């Protein structure tokens, strides 16, 4: 308690600019003077005025990139699942209904067109739904 009062007295004297002669610890007064001088100086680090805007823009850019990457992986996963299900369906069809499988093999262009159309519709639907409701940038 005594030490706190002593410190407060030194601070008050320095604030008022009056230093009493005969203080017990002149080193404490010097330490407080040095501290006050250091606190009055401007910091040397100068930040550009638009620093916070640049940081915010960079964070937004990273967030958009992360959302795009996630959407691409989801699209790739969707196409992979559809492709795998198509292959499994064809294998099942080959053993379950051989005449129909032979008919499909004879009309490869038509089957390819139908599969490509189905995949295009799925991907377009995925991107439209994703952009409207799920990705918030």
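The values are calculated or read from the model by the stated rules, or taken from the named source; none is laboratory data. Just so it is clear, the structure is predicted and the values come from calculations on it, not from any experiment. Virtual Cβ from ideal backbone geometry, glycine too; neighbours counted across all protein chains shown.
Regarding segment 50-65, can at least one residue be identified that is modelled with pLDDT under 85, more than 30 Å from residue 120 (Cβ to Cβ) and outside any helix (DSSP H, G or I)?
The answer is yes, given that some residue of segment 50-65 is modelled with pLDDT under 85, more than 30 Å from residue 120 (Cβ to Cβ) and outside any helix (DSSP H, G or I).
Taking residue 50 and the conditions (1) within 20 Å of residue 116 (Cα to Cα); (2) exposed (fewer than 12 other Cβ atoms within 10 Å of the Cβ), which numbered condition does it fall short on, given that it satisfies the others?
It fails just one condition, (1).
Return the only residue of 88, 93 being at pLDDT 85 or above, assigned to a helix (DSSP H, G or I) and closer than 30 Å to residue 127 by Cβ.
Among 88, 93, only 88 is at pLDDT 85 or above, assigned to a helix (DSSP H, G or I) and closer than 30 Å to residue 127 by Cβ.
So the check is Cβ under 8 Å with 6+ separation or different chains; which pairs have a first residue in segment 74-86 that's over 19 Å from residue 117 (Cβ atoms) and a second one that's in a helix (DSSP H, G or I) and modelled with pLDDT under 90?
Here the result reads 74/126; 74/130, each pair linking segment 74-86 to a residue that is in a helix (DSSP H, G or I) and modelled with pLDDT under 90.
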